[in-house]
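The values are calculated or read from the model by the stated rules, or taken from the named source; none is laboratory data. A quick note: this is a predicted structure, and the numbers were derived from the prediction, not measured. So basically every Cβ, Gly included, is an ideal-geometry build from the backbone, and we count neighbours across all protein chains shown.
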Amino acid sequence: MTILAALTRLRQVCTAPRLLHLPEGSAVPPSAKLEAFRELIADSIGSGRKALVFSQFVQMQKLIAAVLDELEIEYVWLHGGTTNREELVNRFQQKSGPPVFLISLRAGGAGLTLTEADTVIHYDPWWNPAVEDQATDRAHRIGQDKPVMVYRLVVEHTVEQKMVELGAEKRKIAESALGRDATIGKKLTMEDVDELLATPVSGSAAWDEV
């Protein structure tokens, strides 16, 4: 469990160092990924597109919402505590509705039809391709008549990139590191941990367009 907690904190550094809640007065570097997201979402919405934005961490969703507020981009937000899912979906599905739907991956990975979206952004991918694809499929539903652009934001040369590489070969390890099934975490070997942690501290944000 200590190893899984450490991996989670390393992932939080990649999403936004502010998520670590360091002691007051600590130097907190800016988030390269958040700046990359700012550029991507501004360009997408400026081009008249409508986007689904997925993130796992509630605190990260709040930071993303703050960026959208700064950019004066209207959005709706679906998370674990949302009780008016249908109302939010109906608002987004309107042609004149908000151009961004901010969604918790767990809350919105299934059961939604969001065909007004033509852009999907995974801010911090689940790394389990099946779960990530299920979330992406919210836009790929019956009635979709537009090509859909999918972006996955990854900080290079960090534990995130290592998780992507390991996830392709060792899906169970990727899931356990993200807390999907804590029992699987007991199967992590020290060799796996060494490989995950053998990565430079610094990195730059990039996105894959699919």
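Quick grid of which residues meet (1) over 22 Å from residue 62 (Cα atoms); (2) at pLDDT below 70; (3) crowded, with 22+ Cβ neighbours inside 10 Å:
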site: 106; (1), (2), (3): no, no, no
site: 109; (1), (2), (3): no, yes, no
site: 115; (1), (2), (3): yes, no, no
site: 122; (1), (2), (3): no, no, yes
site: 128; (1), (2), (3): yes, yes, no
site: 179; (1), (2), (3): no, yes, no
site: 191; (1), (2), (3): yes, no, no
site: 196; (1), (2), (3): yes, no, no
site: 200; (1), (2), (3): yes, yes, no
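Please identify the pairs in which a residue from the range 69-82 that is in contact (Cβ under 8 Å) with a residue 40 or more places away in the chain has its Cβ atom under 6 Å from the Cβ atom of a residue that is assigned to a loop (DSSP other than H, G, I, E, B) and among the β-branched types (Val, Ile, Thr), counting only partners at least 6 apart or on another chain.
Pairs found: none.
Those residues that are among the small types (Gly, Ala, Ser), in contact with a strand residue (DSSP E or B) (Cβ under 9 Å, 6 or more places away or on another chain) and either surrounded by 14 or more Cβ atoms within 10 Å (Cβ to Cβ) or assigned to a helix (DSSP H, G or I) (or both), I need them from the range 34-89; list them, please.
Residues satisfying the conditions are 36, 44, 51, 55, 65.
Pairs, please: C-beta under 9 Å, at least 6 apart or cross-chain, first residue under 17 Å from residue 160 (Cα atoms) and free of Cβ contacts under 8 Å to residues at least 40 places away in the same chain and in the range 15-28, second in a loop (DSSP other than H, G, I, E, B) and hydrophobic (A, V, I, L, M, F, W, C)?
17/28; 20/28
Would you call residue 92 of a type in the set (A, V, I, L, M, F, W, C) and over 22 Å from residue 154 (Cα atoms)?
In short, yes.
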